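A.B. asks: Take a look at the following structure, please.
The values are calculated or read from the model by the stated rules, or taken from the named source; none is laboratory data. Because the structure is a prediction, the values reported are computed rather than measured. For neighbour counting, all protein chains shown are included, and Cβ atoms are generated from backbone atoms with ideal geometry for every residue, glycine included. Note: areas computed on protein heavy atoms with side chains; ligands, DNA, RNA excluded. Shrake-Rupley method; radii C 1.70, N 1.55, O 1.52, S 1.80 Å.
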Amino acid sequence: MAGGAHVDHHSNRGVALLIAVLALFLALAETGAKSQQTEAISRNIEAANLWAFFQARTIRQTTVRTAAEQAELALPALPEAARAAVTRQQETWRGFAARWESEPDTGEGRRELMARARAAEEKRERSLAAYHQYELGSAAFQVGIVLASASVITGVALLAWAGGLLGVIGVAFAALGFFAPTLVHL
């Protein structure tokens, strides 16, 4: 009987080490998941702000274009002196509309805002994909810890092996989250 107790004690130490390693990887996966979740939220806010700025630029652009078109319709009825002033104002409005369409120097033209908003959305989607991979890895680590713990209580070595296998699966998902979050979609 003493020999059997010694084997169980040695086996339990191995399982305890497995549990400790799984817990370590669980902590790393949870940290990665939280980081990616925060990044996704930040990029979502950034994209929303850029799209709001884009929309404001579009509204302003439409307003000045409409004003220029309305002034064009009124030109024939105006006295000659007023026509020159209205024509200058139309040129100013059209200049604003053109500038608001593209401002490469400031990055605040509609084209640039659209590109920046789409880039933020792409980063958000990548962060969300990484978050989901880390979460799947975390779930595998958690179940692996439960199974390994159950093997200590029951003495069923197969549970420890299943826990270890889930740990390997968890590492694979966490690695996907870090290196290639969009590679696998579940």
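A.B. asks: Using r as the Cβ-Cβ distance of Thr58 and Thr38, and R0 as 22 Å, what FRET efficiency do you calculate, to the nearest 0.05? Each step should come with its number before you reach the end.
C.D. replies: Numbers: r = 31 Å, r/R0 = 1.39.
Efficiency at R0 = 22 Å is approximately 0.10.
A.B. asks: Using a 1.4 Å probe, what is the accessible area per residue for the chain, in Å²? Present the calculation step by step, with values, prior to reporting the outcome.
C.D. replies: Values: 11530 Å² over 186 residues.
In whole numbers, the chain has 62 Å² accessible per residue.
A.B. asks: Express the relative contact order of the range 51-147 as a whole percentage, based on alpha carbon pairs under 8 Å and six or more residues apart in sequence.
C.D. replies: The value is 28 percent.
A.B. asks: Could you put Ile41, Ile153 in order of accessible surface area, largest first, with the 1.4 Å probe and the full protein assembly present? Walk me through the numbers on the way to the answer.
C.D. replies: Values: Ile41 95, Ile153 145 Å².
Reading off the accessible areas and sorting them downward yields Ile153, Ile41.
A.B. asks: Which of (i) 14.3; (ii) 11.8; (iii) 15.5 is the computed mean projected area of the Cα convex hull in nm² for the structure on display?
C.D. replies: (i)
A.B. asks: Still on this structure, please answer the following. Give the carbon-plus-sulfur fraction of the accessible surface of the chain in %, rounded to a whole number; probe 1.4 Å, heavy atoms of protein chains only.
C.D. replies: 65
A.B. asks: Next up: Compare His185, His132 by solvent-accessible area with a 1.4 Å probe and give them largest first, with all protein chains kept in place. Write down the numbers at each step before the final one.
C.D. replies: Working: His185 140, His132 100 Å².
Putting His185, His132 in descending order of accessible area: His185, His132.
A.B. asks: Right, next: Given the protein chains as shown and a 1.4 Å probe, how many square angstrom of Glu108 are accessible, to the nearest 10?
C.D. replies: Using a 1.4 Å probe on the heavy atoms, I get roughly 70 Å².
A.B. asks: Please report the relative contact order for the chain, taking Cα pairs under 8 Å with a sequence separation of at least 6, and give it as a percent rounded to a whole number.
C.D. replies: Values: 209 pairs, mean separation 57.1, N = 186.
After rounding, I find 31 percent.
A.B. asks: Right, next: Leu24: accessible area at probe 1.4 Å, nearest 10 Å²?
C.D. replies: Counting only protein heavy atoms, Leu24 exposes about 100 Å² to solvent.
A.B. asks: Heavy-atom accessible area of Ile45 with all protein chains present, probe 1.4 Å, nearest 10 Å²?
C.D. replies: 90
A.B. asks: Between Ala67 and Arg94, what is the label-point separation in nm under the 7 Å Cα-to-beta-carbon projection?
C.D. replies: 1.6
A.B. asks: For Trp51, Trp161, Trp100, give the ranking by accessible area with the largest first, probe 1.4 Å. Mind showing how you got there, number by number?
C.D. replies: Working: Trp51 70, Trp161 190, Trp100 15 Å².
Of Trp51, Trp161, Trp100, the descending order of accessible area is Trp161, Trp51, Trp100.
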